[in-house]
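Visitor: Quick one: this structure, given as structure tokens, is what I'll be asking you about.
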Amino acid sequence: MKKISNKDGFLLELLTELYPELSHNKIKKYLKNKAVLVNGKPISKFDYLVKKGDSISIMKDILIQNKSLLPILYEDKDFLVIDKPSGLLSISTDKESNLTAYHMMREYVKHKSSKNKIFILHRLDRDTSGVLVFIKNYELKLKLQDKWNQLVKKRTYYAIVVGKPKSRSNYICYLKENKQQKVYVTNDKENGKKAITSFQVLKSNDKYSLLEVSIDTGRKNQIRAVLSYLGYPVLGDTKYGIKKADRLYLHAARLLFINPVNSKFLDFKSSLPLEFKKIMKHG
């Protein structure tokens, strides 16, 4: 059950107050196993500073009364679309296999029937939040992935960047990846991958600007690398910028694509997160 903090304080102390039915050792165990979420983000630090108004929840189990732990934006016999929180992996890595969006949603569908399966269609970076689509039909997954670039009609993100850029349309550059797995803009058109990025400035304050970003090409770290290159790094992006924050301020807001089975448009959207609104209001 999600609870709202009524004051600033350290996470362990607030958990003790908000969940009096749980022992001190039990709460510590939840923290150690990354089963505590603050504003949807897994937190394991006992002394993490929680602010008044932050939401706190504990994953006592992956499944709670047959309901998904993660917010579901849409579900039918073929698609399962969630609003992924920042800080959560899309799929497992060598270091983490259970605390992922894929694992949580797989357990959710299997609870309904042991025969149910899901397949990942695309990924979001760990620290990027927003629309994430899973497929329940393997043949449909193959059809979508085979012609993904032709089927996707719109990919929109919200980003808060440092500074005050001017809106740009169809900015074209080329991206390469170095040995440290960092993507960068290059003049090498032959070996670089073409990237097309557009962004509109929605709002600015003294420090930051809120952008609506659209990409025509889905390159790895495209938005983060391009905005950093242009001199406006995404807030909280320690890989491509220098500004530390409580999260990466990049949110997948919309994914519009064509269902290859019936040629119908599927339009999935996620609203602007509350923490984005707070940053733009208070700076």
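Visitor: Compute the Cα gyration tensor for region 168-231, then decide on rounded, prolate or oblate, letting a ≥ b ≥ c be the square roots of its eigenvalues: rounded whenever a/c is under 1.5, prolate when a/b is larger than b/c in the other cases, and oblate in all that remain.
Guide: prolate
Visitor: Taking the dipole about the Cα centre of the chain, with the C-beta of Lys and Arg at +1 and of Asp and Glu at -1, give me whichever of PRO273, TYR229, ASN6 is farthest to the positive side.
Guide: Of the listed residues, the answer is TYR229.
Visitor: Now a separate question. What's the local net charge at LYS182, with K and R +1, D and E -1, over the other residues with C-beta under 12 Å away?
Guide: Summing Lys/Arg as +1 and Asp/Glu as -1 gives +3.
Visitor: Would you work out if region 154-268 is rounded, prolate or oblate? Take a ≥ b ≥ c from the square roots of the eigenvalues of the alpha-carbon gyration tensor; rounded if a/c is under 1.5, else prolate when a/b is larger than b/c, oblate otherwise.
Guide: Here region 154-268 falls in the oblate category.
Visitor: Hey, another quick one. Which number comes out as Rg/Rh for the chain once both Rg and the Kirkwood Rh are worked out on C-alpha atoms?
Guide: A ratio of 0.98.
Visitor: How far apart, in nm, are two points set 7 Å out from the Cα along the Cα-to-Cβ line at HIS24 and at LYS243?
Guide: 4.1 nm
Visitor: At a Förster distance of 25 Å, what's the computed FRET efficiency of GLN181 paired with SER92, Cβ-Cβ distance as r, to 0.05?
Guide: Working from the Cβ atoms, E equals 0.90.
Visitor: For a protection proxy built on the mean count of beta-carbon atoms within 10 angstrom, sort 51-59, 231-239 highest first, please.
Guide: 231-239, 51-59
Visitor: Between LEU272 and SER44, what's the calculated FRET efficiency when r is the beta-carbon distance and R0 is 41 Å? Round to 0.05.
Guide: Efficiency at R0 = 41 Å is approximately 0.90.
Visitor: Quote the charge dipole size of region 135-283 about the Cα centre in Debye, to the nearest 20; the model charges only the Cβ of Lys and Arg (+1) and of Asp and Glu (-1).
Guide: Using Cβ point charges on Lys, Arg, Asp and Glu, region 135-283 gives about 140 debye.
Visitor: Mean separation of Cα pairs under 8 Å and 6+ residues apart, divided by the residue count of the chain: what relative contact order is that in percent?
Guide: 14 percent
Visitor: Note down the magnitude of the dipole of the chain about its Cα centre, charges +1 on Lys and Arg C-beta and -1 on Asp and Glu C-beta and zero elsewhere, to the nearest 20 debye.
Guide: So the magnitude is around 220 debye.
Visitor: Kindly state, as a whole number, the per residue volume in cubic angstrom of the convex hull around the alpha carbon atoms of region 1-47.
Guide: About 72 Å³ per residue, rounded to a whole number.
Visitor: Per residue, how much accessible area does the chain have with a 1.4 Å probe, in Å²?
Guide: Value returned for the chain: 56 Å² of accessible area per residue.
Visitor: With the Cα gyration tensor of region 86-238 giving a ≥ b ≥ c as the square roots of its eigenvalues, does the rule (a/c under 1.5 for rounded; else a/b larger than b/c for prolate; else oblate) give rounded, prolate or oblate?
Guide: prolate
Visitor: Gain in length, THR16 to ASP76, computed as 0.36 nm per residue apart minus the alpha-carbon separation, to one decimal in nm?
Guide: Result: 17.7 nm gained on full extension.
The values are calculated or read from the model by the stated rules, or taken from the named source; none is laboratory data. As the structure is a computational prediction, the values presented were derived from the model and not from experiment. No Cβ is skipped: glycine too gets one built from the backbone with ideal geometry, and neighbour counts run over all protein chains shown. Side chains are part of the model used for accessible areas, which takes the heavy atoms of the whole protein and leaves out ligands, DNA and RNA. Shrake-Rupley method; radii C 1.70, N 1.55, O 1.52, S 1.80 Å.
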